[in-house]
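To start, the structure under review is shown below, and the notes come after it.
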Amino acid sequence: MTTSRAIRVVLVDDHQLVRAGIGALLRELPEVEVVGEGSDGEAAIRLVHELIPDVLFLDLVMPGMSGLVVLERISGQHSALKVIILSMHSSEEHVVRALQLGAAGYMLKDVAPEELPLALNAVMRGDTWLSSSISRTALAEYVDRTAHESPLDTLTARQLQVLKLIAEGHSTKDIGAQLDLSVKTIETFRAQIMERLDIHDVAGLVHYAIRQGIVPL
């Protein structure tokens, strides 16, 4: 690290073991101060407002509010904040959407520990950091391929099925039972649908589904 003062970091991940591991690695870095930790999106927003960190390490998929929704909500409010998304998902869609919403970096959770200081140095310089296994060429091709694509066309058959059931008024538990999937899996599908359609509440999903003819009035 080359900064003249400690880099103030907030770490938010809903898995305690992951958070503990990354937190321990960050605390080993001499010019890093971990000033706050949280386990969900609401905590992320609160900690950013209260602590004004330099860097936020933010989990992509969390119950209730995804990392992308957090990004959208804090975008523009803290211009100096650098957000590094933590994720197990390396798909172009996830990476591009995170960058579009203002993320300064996208780090996969299975990378070597040595990537942490490299990522921090990069984003503090004003650069964008992507884990080495994420192809910049693939991202560019994805952006070009989806430039004229309807948002509805980006949903998988399973996501469309979940969207229809949501719009019909079924609860997450009911949808899970009907599709023989866990509540956590349905929450993940819902978060993915919201991200792809750029709609961030259930009422908005219902209105969209009606407009698109997925469910009748």
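Taken over the stretch 12-30, the residue count meeting the criterion of being over 19 Å from G64 (Cα atoms) and surrounded by 14 or more Cβ atoms within 10 Å (Cβ to Cβ) is 6. Of the residues making up the stretch 79-96, those that are outside any strand (DSSP E or B) and either touching a Cys at 6+ places or on another chain (Cβ under 6 Å) or touching a residue at least 12 places away in the same chain (Cβ under 8 Å) (or both) number 10. Within the stretch 69-118, the residues that satisfy the criterion of being more than 24 Å from E141 (Cα to Cα) and of a type in the set (G, A, S) are S75, G76, S79, A80, A112.
What do you reckon, is M65 at pLDDT 90 or above, in the same structural domain as G21 (by TED's automatic domain parsing) and closer than 19 Å to L11 by Cβ? For M65, the condition - at pLDDT 90 or above, in the same structural domain as G21 (by TED's automatic domain parsing) and closer than 19 Å to L11 by Cβ - is not met.
For the stretch 44-54, state whether one or more residues are assigned to a strand (DSSP E or B) and within 21 Å of N121 (Cα to Cα). Checking the stretch 44-54: not a single residue is assigned to a strand (DSSP E or B) and within 21 Å of N121 (Cα to Cα). When the criteria are applied in full, L99 meets the requirement of being modelled with pLDDT under 95 and either outside any loop (DSSP other than H, G, I, E, B) or touching a Phe, Trp or Tyr at 6+ places or on another chain (Cβ under 9 Å) (or both). Looking at A112, is it of a type in the set (A, V, I, L, M), touching a Gly at 6+ places or on another chain (Cβ under 9 Å) and over 23 Å from T154 (Cβ atoms)? Answer is no for this residue.
Here is a check on your reading of the model: is V70 part of a strand (DSSP E or B) and not charged (D, E, K, R)? Judged against the criteria, V70 is not a match. Only a single criterion out of (1) at pLDDT below 95; (2) surrounded by fewer than 21 Cβ atoms within 10 Å (Cβ to Cβ); (3) in the same structural domain as A122 (by TED's automatic domain parsing); (4) of a type outside the set (D, E) is not satisfied by G36, namely (1). Among the residues that make up the stretch 30-42, is at least one of them part of a strand (DSSP E or B), under 17 Å from L108 (Cα atoms) and more than 11 Å from the chain's Cα centre (by Cα)? No, the stretch 30-42 contains no residue that is part of a strand (DSSP E or B), under 17 Å from L108 (Cα atoms) and more than 11 Å from the chain's Cα centre (by Cα).
The values are calculated or read from the model by the stated rules, or taken from the named source; none is laboratory data. Note that this is a predicted model, so its numbers are computed, not measured. Note that each Cβ is placed from the backbone with ideal geometry, even for glycine, and that neighbours are counted across all protein chains shown.
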